[in-house]
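For reference, the structure discussed in these notes is given below.
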Amino acid sequence: MSIETISLSGRKKVVSNKEMTFLERLYLVAIVKGLAITLKHLFRKKITIHYPEQVREMSPVYRGQHMLKRDEQGRENCTACGLCALSCPAEAITMKAAERKPDEKHLYREEKYASIYEINMLRCIFCGLCEEACPKDAIYLTTSKVLVPANYEREDFIFGKDKLVMPLEMAIKNSQLNNAN
């Protein structure tokens, strides 16, 4: 058994260096095939969307910007359990838990709350695993078309509670809608 016949992968091919014919050397067949592909695409329907005038329909599984929910009394739902941070594959969520003081009962539902809750939007992949892991339904990804605004500073892409917590007016409006149903 010689070294030329041994193939570790079993996919050894013998390459021949055969002489090309006159037509093959002119590359006319290849040029005609390329032109045929170009002409075929020339008469197809265009898929370009003229953005300001036309708006593309969003996918039903679209996930937008994060939001921390409030209950009907305006208190934050987050109990700082850390399951969202553990489930995040990009490790974009950081939080620090704190104990609720007696005079803060109108701000937080449970004894424990997230004093610091930050999402690094440069790392976030909008997978929605944080939303699924949360036992209190405190965080969710909205269906708004607003994602992360462009900026030049890295610090501006770290969203804290000031940008993530649901506005109080929205929480009151949601509770009124739920009561009406």
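The values are calculated or read from the model by the stated rules, or taken from the named source; none is laboratory data. Predicted model, so just to flag it, every value in this text is computed and none were measured. Don't worry about glycine lacking a Cβ; one is built from the backbone with ideal geometry, like all the others, and counts go over all protein chains shown. Note: accessible area is taken over every heavy atom of the protein model, side chains too, but ligands, DNA and RNA are not part of it. Shrake-Rupley method; radii C 1.70, N 1.55, O 1.52, S 1.80 Å.
General remarks:
To keep it simple, each residue is scored yes or no on (1) of a type in the set (Gly, Ala, Ser); (2) more than 13 Å from Tyr140 (Cα to Cα); (3) touching a strand residue (DSSP E or B) at 6+ places or on another chain (Cβ under 7 Å); (4) open to solvent by less than 70 Å² (accessible area, probe 1.4 Å).
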position	(1), (2), (3), (4)
Ile47	no, yes, no, no
Ser59	yes, yes, no, yes
Arg63	no, no, yes, no
Gln73	no, yes, no, no
Asn77	no, no, yes, yes
Leu83	no, yes, no, no
Leu86	no, yes, no, no
Ala92	yes, yes, yes, yes
Met95	no, yes, yes, yes
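- Output for segment 71-92, where each listed residue is outside any loop (DSSP other than H, G, I, E, B) and touching a Ser or Thr at 6+ places or on another chain (Cβ under 9 Å): Ala85
- Residue within segment 151-166 that is assigned to a loop (DSSP other than H, G, I, E, B), in contact with a helix residue (DSSP H, G or I) (Cβ under 9 Å, 6 or more places away or on another chain) and over 28 Å from Tyr51 (Cβ atoms) present: yes
- Segment 50-62 residues that are touching a residue at least 60 places away in the same chain (Cβ under 8 Å), paired with ones that are of a type outside the set (Phe, Trp, Tyr) and open to solvent by 100 Å² or more (accessible area, probe 1.4 Å) (beta carbon under 7 Å, 6 or more apart): Tyr62/Thr143
- Candidates are the residues of segment 140-181 that are within 20 Å of the chain's Cα centre (by Cα), open to solvent by less than 100 Å² (accessible area, probe 1.4 Å) and of a type in the set (Ser, Thr, Tyr); the one that is nearest to Ala92 (Cα to Cα) is Tyr140.
- Test: residue in segment 101-114 that is among the small types (Gly, Ala, Ser), touching a Phe, Trp or Tyr at 6+ places or on another chain (Cβ under 8 Å), open to solvent by less than 50 Å² (accessible area, probe 1.4 Å) and farther than 30 Å from Tyr51 by Cα: no
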